[in-house]
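Chemist: Handing you this structure, nothing more for now.
The values are calculated or read from the model by the stated rules, or taken from the named source; none is laboratory data. Please read these numbers as outputs of a predicted model, since none were measured by experiment. With ideal geometry, Cβ positions are generated from the backbone for all residues, glycine too; neighbour counts draw on all protein chains shown. Calculation scope for accessible area: heavy atoms of the full protein, side chains included, ligands and nucleic acids excluded. Shrake-Rupley method; radii C 1.70, N 1.55, O 1.52, S 1.80 Å.
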Amino acid sequence: MRIPRVHLTIPLHVGAAVELPPSACEHLLRVLRLSEGAPLLLCNGDGMDYRATLGEIGKRGARAQILEALPNHAESPLRITLAQALARGEKMDWVIQKATELGVAQIQPIVTERTEVRLDAERASRRLAHWQAVATAACEQSGRARVPTVFEPLTLAAYAAGVDADAIRLALDPDGDALSNALNGGALQNTTPIHIVVGPEGGLSERDHAQLRAAGFSGVRLGPRILRTETAGLAAIASLQTLAGDLR
Ligand code: SAM
């Protein structure tokens, strides 16, 4: 059986005994039925995996004993931010889960002119906590040690205005240029941030395209077929990572 990974939000040190949160205890003790001494991998986003064993199971929970710190090699060399137009419930979860598995560094939900999903402040903060939990679970499952940050939704204009000028800025557009042309044939540098914008089901409007062009984004086509909004970003991430040698 694969060694279960548990993401914690506390500092981890070799030799420490740490309290496992109730959600992890539920999974390890009730679902997987592990007993004391079972091997675990703990992580907290510091880039390391901590080899541990399940210790001391009490009525209220369990602890883990940390044995060794090991470097984690599951991170992508590319620092990709996926700016995804808000999609309905399950689709957004799906994008966040799969983009995390593929190794994105950040996920920025965006509101474009034709975005139909509307979130008031209270729903937005609940969705954000839920999306961050989806990303954390995807890291545990896929072996990543760094959980991508999921940011609060922003309008396309506010997001685009905040993207660094040195980033590679790609706006996915069925009428755009080939990816190789947008990258100017240059090799992908691991340190260069890459931003990918994906439009909603109704596509990016003329106004959206104008805002993106003004912010230095190049329109990029991903082949001759129209992809659903939840497919397009993942195809772009996989293409960039193939070019960077991350999927070897
Ligand atoms: N009729 C819309 C259009 O022409 O833009 C289709 C929108 S598509 C369902 C949703 C989003 O996925 C698009 O806004 C775009 O960002 C991306 N997309 C879909 N297919 C694509 C392709 N072949 N190349 C590049 N981007 C694509």
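Chemist: Which residues, taken from segment 207-223, are near the ligand (Cβ under 7 Å from one of its atoms) and either part of a loop (DSSP other than H, G, I, E, B) or surrounded by fewer than 16 Cβ atoms within 10 Å (Cβ to Cβ) (or both)? Break it down stepwise before answering.
Modeler: Applying the first criterion (near the ligand (Cβ under 7 Å from one of its atoms)) to segment 207-223 yields 220-223.
Answer for segment 207-223, where residues must be near the ligand (Cβ under 7 Å from one of its atoms) and either part of a loop (DSSP other than H, G, I, E, B) or surrounded by fewer than 16 Cβ atoms within 10 Å (Cβ to Cβ) (or both): Arg221, Leu222, Gly223.
Chemist: How do the pairs read when you match residues in segment 153-178 that are over 17 Å from Gly233 (Cα atoms) and among the acidic types (Asp, Glu) with residues anywhere that are assigned to a strand (DSSP E or B) and away from the ligand (no atom under 16 Å from the Cβ), using Cβ under 7 Å and keeping only pairs 6 or more apart or on different chains?
Modeler: So the pair list comes out as Asp164/Pro193.
Chemist: Related question: Looking at segment 1-46, which of its residues are open to solvent by less than 20 Å² (accessible area, probe 1.4 Å), more than 15 Å from Ala137 (Cβ to Cβ) and among the small types (Gly, Ala, Ser)?
Modeler: Ala38
Chemist: Looking at segment 114-125, can you tell me whether even one residue there is of a type outside the set (A, V, I, L, M, F, W, C), over 22 Å from the mean Cα position of the chain (by Cα), within 16 Å of the ligand (Cβ to nearest atom) and over 30 Å from Tyr50 (Cα atoms)?
Modeler: There is at least one residue in segment 114-125 that is of a type outside the set (A, V, I, L, M, F, W, C), over 22 Å from the mean Cα position of the chain (by Cα), within 16 Å of the ligand (Cβ to nearest atom) and over 30 Å from Tyr50 (Cα atoms).
Chemist: Another question about this same structure. Is it the case that some residue within segment 181-189 is on the phi < 0 side of the Ramachandran plot and either at pLDDT 95 or above or touching a Lys or Arg at 6+ places or on another chain (Cβ under 7 Å) (or both)? First the steps, then the outcome.
Modeler: Taking segment 181-189 as the starting set, the residues that turn out to be on the phi < 0 side of the Ramachandran plot are 181-183, 186-189.
Add one more test, that the residue is either at pLDDT 95 or above or touching a Lys or Arg at 6+ places or on another chain (Cβ under 7 Å) (or both), and what stays is none.
No, segment 181-189 has no match at all.
Chemist: Can we say Leu234 is open to solvent by 30 Å² or more (accessible area, probe 1.4 Å) and in contact with a helix residue (DSSP H, G or I) (Cβ under 7 Å, 6 or more places away or on another chain)? Break it down stepwise before answering.
Modeler: Details: open to solvent by 30 Å² or more (accessible area, probe 1.4 Å): no; in contact with a helix residue (DSSP H, G or I) (Cβ under 7 Å, 6 or more places away or on another chain): yes.
No, not satisfied.
Chemist: Further, regarding this structure: Given the structure, is Val31 at pLDDT below 95, among the β-branched types (Val, Ile, Thr) and farther than 30 Å from Ile168 by Cα?
Modeler: Details: at pLDDT below 95: yes; among the β-branched types (Val, Ile, Thr): yes; farther than 30 Å from Ile168 by Cα: yes.
For Val31, the condition - at pLDDT below 95, among the β-branched types (Val, Ile, Thr) and farther than 30 Å from Ile168 by Cα - is met.
Chemist: Check segment 60-82 and report whether any residue there is among the charged types (D, E, K, R), touching a His at 6+ places or on another chain (Cβ under 8 Å) and either farther than 30 Å from Pro153 by Cα or surrounded by 14 or more Cβ atoms within 10 Å (Cβ to Cβ) (or both).
Modeler: Let us first name the residues in segment 60-82 that are among the charged types (D, E, K, R), namely 60, 63, 68, 75, 79.
The next check asks that each one be touching a His at 6+ places or on another chain (Cβ under 8 Å); those that pass are none.
Checked segment 60-82: no residue is among the charged types (D, E, K, R), touching a His at 6+ places or on another chain (Cβ under 8 Å) and either farther than 30 Å from Pro153 by Cα or surrounded by 14 or more Cβ atoms within 10 Å (Cβ to Cβ) (or both).
Chemist: Any idea which of (1) part of a helix (DSSP H, G or I); (2) touching a Phe, Trp or Tyr at 6+ places or on another chain (Cβ under 9 Å); (3) under 14 Å from Arg146 (Cβ atoms) is the one Ile107 doesn't satisfy?
Modeler: Failed condition: (1).
Chemist: Separate question: So if I check each of Ala87, Ala52, Ala105, which one is crowded, with 20+ Cβ neighbours inside 10 Å and either within 30 Å of Leu227 (Cβ to Cβ) or touching a Pro at 6+ places or on another chain (Cβ under 7 Å) (or both)? Steps first, please.
Modeler: Numbers: Ala52 fails: either within 30 Å of Leu227 (Cβ to Cβ) or touching a Pro at 6+ places or on another chain (Cβ under 7 Å) (or both); Ala105 fails: crowded, with 20+ Cβ neighbours inside 10 Å.
That would be Ala87, the only listed residue that is crowded, with 20+ Cβ neighbours inside 10 Å and either within 30 Å of Leu227 (Cβ to Cβ) or touching a Pro at 6+ places or on another chain (Cβ under 7 Å) (or both).
Chemist: State which residue pairs qualify: first residue modelled with pLDDT of 95 or more and inside segment 206-231, second residue more than 12 Å from the ligand (Cβ to nearest atom) and open to solvent by 60 Å² or more (accessible area, probe 1.4 Å) in any location, beta carbons under 7 Å apart, and separation of 6 or more residues or different chains.
Modeler: Close Cβ pairs (under 7 Å, with a partner that is more than 12 Å from the ligand (Cβ to nearest atom) and open to solvent by 60 Å² or more (accessible area, probe 1.4 Å)) amount to Ala215/Ala161; Gly216/Ala165; Glu230/Trp94.
Rundown of residues vs (1) under 24 Å from Leu240 (Cβ atoms); (2) in contact with a strand residue (DSSP E or B) (Cβ under 8 Å, 6 or more places away or on another chain), yes/no style:
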position: Val111; (1), (2): no, yes
position: Ala133; (1), (2): no, no
position: Glu140; (1), (2): no, yes
position: Thr149; (1), (2): yes, yes
position: Ala178; (1), (2): yes, yes
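Chemist: Here's another thing I want to ask about it. Can you name the residue in segment 156-206 that is in contact with a helix residue (DSSP H, G or I) (Cβ under 6 Å, 6 or more places away or on another chain), part of a loop (DSSP other than H, G, I, E, B) and within 11 Å of the ligand (Cβ to nearest atom) and is also most open to solvent (accessible area, probe 1.4 Å) among such residues?
Modeler: Glu201
Chemist: Exactly one condition in (1) within 13 Å of the ligand (Cβ to nearest atom); (2) open to solvent by 30 Å² or more (accessible area, probe 1.4 Å); (3) more than 24 Å from Val150 (Cα to Cα) is not met by Arg228; state its number.
Modeler: Of everything listed in (1) within 13 Å of the ligand (Cβ to nearest atom); (2) open to solvent by 30 Å² or more (accessible area, probe 1.4 Å); (3) more than 24 Å from Val150 (Cα to Cα), Arg228 misses just condition (3).
Chemist: Just wondering, is there one or more residues in segment 146-155 that are more than 19 Å from Glu201 (Cα to Cα) and more than 13 Å from the chain's Cα centre (by Cα)?
Modeler: Step one: of segment 146-155, the residues more than 19 Å from Glu201 (Cα to Cα) are 146-152.
From what's left, more than 13 Å from the chain's Cα centre (by Cα): 152.
Scanning segment 146-155, I find at least one residue that is more than 19 Å from Glu201 (Cα to Cα) and more than 13 Å from the chain's Cα centre (by Cα), so the answer is yes.
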